[in-house]
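The values are calculated or read from the model by the stated rules, or taken from the named source; none is laboratory data. Just so you know, these numbers come straight off a predicted model, no measurement behind them. FYI the Cβ positions are ideal-geometry reconstructions off the backbone, even for glycines, and counts take in every protein chain you see.
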Amino acid sequence: MTRIVSWFSCGAASAYATYLASQKYGDIKAVYCRVRQEHPSNMKFLEEFQRKTNIAVTIIENQEFKGDIFNVFLKRKFLKNQYGAPCTMILKKDMRKEYQQEGDVQIFGYPIEEEQRMLDFCERNKEVVMDNILIDKAITKNDCKQWVLDMGFELPIMYQLGYQNNNCIGCVKGGMGYWNAIRKDFPEAFDKMAKTERLIGHAVNKSEGEPVYLDELEPTRGNFKRDQPSDCGFLCDFQYDFFKQPMEHRNENS
């Protein structure tokens with residue numbers, strides 16, 4: 001029997017996609033890859049979603065790294081480059097691949113604005129059979145947020161604070177303006193990432209090819225809206241094998 005697997009991320013788009021999948025197919029498997037650095041309000045949102053929709057969400061978590069991005073960074077001695085970030089690879093993609101079965105129809109929260117991201121994902125994950133349930137209905141990110149509000153859910157805190165996506169508190173894919181917002185809203189998370197940068201010797205930001213460490217970042221640099229990270233989803237799998245290579249075979253600051 002074909003399983004319908006909807007990947008729930010505690011974001012508005014994945015929540016709406018999961019709801020539509022349940023309406024379309026009836027019996028589905030909703031699955032959440034838990035990452036410990038996401039805001040605690042995410043679990044409240046997940047519980048409210050289950051209660052109001054009667055859709056059970058299975059929570060899976062990487063046991064080796066305890067679902068913790070800093071455990072990944074310290075073990076891999078690497079934060080990010082143009083290929084993506086190892087936290088997503090290990091804590092999300094590896095978990096998805098472990099959970100999925102041949103023949104599954106999988107559903108991701110790609111709204112219409114992210115059609116190209118969906119196509120890129122399909123190109124790099126040819127074994128995955130997808131139902132593009134939001135794109136096929138031309139549903140936008142704002143449509144998804146409005147659905148959440150119409151259902152009476154409380155938006156997760158990251159959305160309420162103006163962040164575009166419901167990523168970890170302090171996503172390494174964010175730019176200077178984003179990190180200056182994190183400094184203000186979540187100073188402890190900012191300080192922890194700043195210390196991790198120095199410990200590893202790798203800055204998440206660069207200017208004119210040179211690293212800009214968070215503990216040296218001027219509070220006025222960057223643009224909050226422009227510098228927000230992309231959604232932390234399963235697309236961050238480009239050049240996946242790159243992250244499995246020993247450090248001497250890759251340039252982490254490239």
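Observations, loosely collected:
- Among the criteria (1) surrounded by 17 or more Cβ atoms within 10 Å (Cβ to Cβ); (2) without any contact (Cβ under 8 Å) to a residue 24 or more places away in the chain, the one A13 does not fulfil is (2).
- If only residues of region 56-77 that are out of contact with any Lys or Arg (no Cβ under 8 Å at 6 or more places or on another chain) and surrounded by 18 or more Cβ atoms within 10 Å (Cβ to Cβ) are counted, the one that is modelled with the lowest pLDDT is R76.
- Looking across S22, S14, one residue alone is farther than 25 Å from Q160 by Cβ and part of a helix (DSSP H, G or I). It is S22.
- Single match in M158, M176, M95, M193 (criterion: farther than 18 Å from A21 by Cβ and without any contact (Cβ under 8 Å) to a residue 24 or more places away in the chain): M193
- Qualifying residues in region 72-92 (those that are among the β-branched types (V, I, T) and in contact (Cβ under 8 Å) with a residue 24 or more places away in the chain) - the one farthest from T18 (Cα to Cα): I90
- Matching residues in region 205-234 - criterion: being among the hydroxyl-bearing types (S, T, Y) and farther than 20 Å from K195 by Cβ: S207, T220, S230
- Among (1) in contact with a Cys (Cβ under 7 Å, 6 or more places away or on another chain); (2) over 21 Å from V31 (Cα atoms); (3) of a type in the set (V, I, T), the one test that I139 misses: (1)
- In region 19-43, residue nearest to M158 (Cα to Cα) [restricted to those that are of a type in the set (S, T, Y) and surrounded by fewer than 20 Cβ atoms within 10 Å (Cβ to Cβ)]: S41
- Residues being crowded, with 16+ Cβ neighbours inside 10 Å, under 15 Å from the mean Cα position of the chain (by Cα), in a loop (DSSP other than H, G, I, E, B) and modelled with pLDDT under 95 are entirely absent from region 86-95.
- Selection within region 201-241 - at pLDDT below 95, in contact with a Phe, Trp or Tyr (Cβ under 7 Å, 6 or more places away or on another chain) and closer than 23 Å to K77 by Cβ: H202, P229, F238, Q239
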